[in-house]
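One structure below.
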Amino acid sequence: PALAADLEATVVDEVRSAPPAALVLSGACADAADAELTLAVIKLGRGSCNRDVGPTLKPTTPAPTVSFAPTALPTLDPSPGTLTFLPSEVPSPRPSPQPTVSPQPTTSFAPTLLPSLSVVPTSLPTSAPTTDSFLCTDLWPSLVGASQPLPLVFAETQKKWAPVLTQETLRLLNLDPDWRVGEIWTLQAVVSSTCPNELGFGFYGAGGFHMFQAEPLAEEVEITVVDRVGRVPTMLTVRNKCRQPAEVTFKSLKLGKGVCTLHNVPTPQPTFTPAPSVSASPTSQSPAPTMSPSPGLVLPPSSAPRPVPTPAPTSTKRPTVTAPPSVAPSYSLVPSRAPSSVPTTDTFTCPDVWGQLLGDIQLPLRFTNTQRKWAQVLTP
């Protein structure tokens, strides 16, 4: 944000480009030629390194245990024209046939519980607004509706940071005891725009919160945002400019405490109860297991594993046996920010690898080329 002082920002995201990479400035400072950006502390860790950012996965119950029968090493008779192994050389084990399951085991499914999730800012526009997608009590009429009737037509689209709803308009909302920093609220809007470029909106403070985008020339697009309150009191502002005079119409605005939509909550994988150990036989094949699903859960039919042909043996001095990988639930991380005005030392929960990987870069790092967009802060 503008004129920030010792602001801590934490971002959890996926690496989406092949190396080498560079840290660049994604915007430009147009207000002051002598502006500087100072990075006092930089930390880098693998995984989700902040308790307040990203999903927190609860451990699931153990998966069914599968034991494998030992695979006998082939016996080779040396003969002219054939491969002879030295005493120190042992043929590496080849992939053994997939295990077969004893007849008719029954797998039961425990009730599936939603994991504990730290909500991050998310938005989900849909082109066809519905009336039942907002699951909470709509508090907009009681907190804002008296001072700002709907539909709301906003015409100051060529003035960056122009207030759509001022602090005075949001007075009752700012005084509400549940509207406080750190609380989760859901905002839903039905937006139309005559602007040919995308316009951003959001509540002011803490780098912005409940931020969303009005698509170019949008026609009654429904947008739902789940986020945490970042500052009180606050106001709703436009975050960039339209290239030409235009209007944005908010046909509907809804506000509710908590997560008021099912579309923004990740769907967890089913949790399995432990099953008896299953022994594998490389030469026999049994019928496929029958599943006993819980009510409401439909499973596709499964087929028995097929044996994998064993290729010719190869020699290696140190045979390595790779254990079957254990599959954990797959979650898609959403880029998230959780800035706080007072940096603390215990919010970074991973080992800080910045010193090992980029320790030759002295901190604090002062960056002065703030008027050049895409200028490199850290080069490849």
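List the strands (runs of 3 or more DSSP E) inside region 180-267, counting only whole elements, that have at least 3 residues being in contact with a Lys or Arg (Cβ under 6 Å, 6 or more places away or on another chain).
Counting at least 3 such residues, we get 184-193.
Return the residues of region 177-203 that are free of Cβ contacts under 8 Å to residues at least 40 places away in the same chain, more than 17 Å from Q158 (Cα to Cα) and buried (at least 18 other Cβ atoms within 10 Å of the Cβ); say none if nothing qualifies.
Residue satisfying the conditions is F203 alone.
Go over the candidates T126, T130, T122, T157 one by one and state the one that is at pLDDT below 95 and open to solvent by less than 30 Å² (accessible area, probe 1.4 Å).
None of the others qualify; the one that does is T122.
Scan region 226-240 for residues that are charged (D, E, K, R) and over 26 Å from N197 (Cα atoms) and jot them down.
Those that are charged (D, E, K, R) and over 26 Å from N197 (Cα atoms): R228, R231.
Identify all residues within region 344-379 that are touching a residue at least 12 places away in the same chain (Cβ under 8 Å) and of a type in the set (S, T, Y); write none if there are none.
The initial filter retains those residues of region 344-379 that are touching a residue at least 12 places away in the same chain (Cβ under 8 Å), namely 344, 347-354, 357-358, 361, 363-379.
Within region 344-379, T344, T347, T349, T368, T370, T379 qualify.
Name the one entry in L173, L143 that is open to solvent by less than 30 Å² (accessible area, probe 1.4 Å), in contact with a helix residue (DSSP H, G or I) (Cβ under 7 Å, 6 or more places away or on another chain) and closer than 28 Å to T10 by Cα. Steps first, please.
Numbers: L143 fails: closer than 28 Å to T10 by Cα.
Going through L173, L143 in turn, just one is open to solvent by less than 30 Å² (accessible area, probe 1.4 Å), in contact with a helix residue (DSSP H, G or I) (Cβ under 7 Å, 6 or more places away or on another chain) and closer than 28 Å to T10 by Cα: L173.
Name the residue that is nearest to the chain's Cα centre (by Cα), counting only residues in region 242-260 that are over 18 Å from D178 (Cβ atoms) and either among the polar types (S, T, N, Q) or open to solvent by 20 Å² or more (accessible area, probe 1.4 Å) (or both).
S252
The values are calculated or read from the model by the stated rules, or taken from the named source; none is laboratory data. Please read these numbers as outputs of a predicted model, since none were measured by experiment. Glycine also receives a Cβ, built like all others from the backbone with ideal geometry; neighbour counts cover every protein chain displayed. Side chains included, ligands, DNA and RNA excluded: accessible areas come from the protein's heavy atoms. Shrake-Rupley method; radii C 1.70, N 1.55, O 1.52, S 1.80 Å.
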